[in-house]
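Before any comments, here is the structure.
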Amino acid sequence: SLSELPVQEPELFDVVDAEDNVLRVETRSTVHREKLMHRAVHVFVFNAAGQLYLQRRSLTKDTAPGKWVSSCSGHVDSGEDYDTAAPRELSEEIGLTEPQGLTRVFKESPCKQTGQEFVWVYRCKAEGPFTLDPVEVSDGKWIDLDDLEALIEERPRDFAWSFTYLWAKYRAL
């Protein structure tokens, strides 16, 4: 019977102002529909060879389905801070529980490219292999940075807009 099915609780996000102060809590669907400012993290995972790990988003995702994106990215849950969200997302999405040297790199303000998200971009080191969450991630691969630059130029639509935007900022540092 239906009553035995687990209830899917709506994801709750903190809605923030232009200074990233929390205003109130709303559901994921409301935040995205009304394009409210909220918080997210992106993590770039590099291996010893200097390659970046890319993940391909599952086709069931509500934004950028099937696109290549950061090694790991996700929303900061309501009541959570960025530094808690980053390792949680690494663990949930790619099964990385002990990232080496996980550090903040830069913070980006909400804009069209980030989907109205304040984003802290992190980097860390790991070798893999990773255990991908099939609900979130359909594929993953290591890529040389030169190859990545060439691919972004040749096939920009294979990548999520947020990733190419944040990657360009990272490369310019």
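Taking the stated definitions as given, is LEU132 open to solvent by 70 Å² or more (accessible area, probe 1.4 Å) and part of a loop (DSSP other than H, G, I, E, B)?
no
Only one of (1) more than 30 Å from ASP147 (Cα to Cα); (2) surrounded by fewer than 18 Cβ atoms within 10 Å (Cβ to Cβ) is not met by ASN47, so which one is it?
(1)
Quick one: count up the residues across the range 75-129 that are assigned to a helix (DSSP H, G or I), more than 20 Å from ALA64 (Cβ to Cβ) and β-branched (Val, Ile, Thr).
Final tally of qualifying residues: 1.
Right, SER29: more than 19 Å from LEU166 (Cβ to Cβ), touching a strand residue (DSSP E or B) at 6+ places or on another chain (Cβ under 7 Å) and open to solvent by 20 Å² or more (accessible area, probe 1.4 Å) or not? Talk me through it step by step, then tell me what you get.
Details: more than 19 Å from LEU166 (Cβ to Cβ): yes; touching a strand residue (DSSP E or B) at 6+ places or on another chain (Cβ under 7 Å): no; open to solvent by 20 Å² or more (accessible area, probe 1.4 Å): yes.
So SER29 fails the test.
Quick one: GLU154 ticks every box in (1) open to solvent by 40 Å² or more (accessible area, probe 1.4 Å); (2) under 16 Å from the mean Cα position of the chain (by Cα) except a single one, so which number is it?
(2)
Within the range 78-124, which residues are open to solvent by 50 Å² or more (accessible area, probe 1.4 Å), farther than 19 Å from ASN47 by Cα and either of a type in the set (A, V, I, L, M) or touching a helix residue (DSSP H, G or I) at 6+ places or on another chain (Cβ under 7 Å) (or both)?
Within the range 78-124, just GLN113 meets the criteria.
Identify the single condition in (1) closer than 23 Å to CYS124 by Cβ; (2) touching a Phe, Trp or Tyr at 6+ places or on another chain (Cβ under 7 Å) that SER58 does not satisfy, given that it satisfies every other one.
Of (1) closer than 23 Å to CYS124 by Cβ; (2) touching a Phe, Trp or Tyr at 6+ places or on another chain (Cβ under 7 Å), only one is false for SER58: (2).
The values are calculated or read from the model by the stated rules, or taken from the named source; none is laboratory data. No experiment lies behind these values; they were computed from the predicted model shown. Cβ coordinates were reconstructed from backbone atoms using ideal geometry, including for glycine residues, and neighbour counts include every protein chain displayed. Surface accessibility is based on the protein's heavy atoms, side chains included, excluding ligands, DNA and RNA. Shrake-Rupley method; radii C 1.70, N 1.55, O 1.52, S 1.80 Å.
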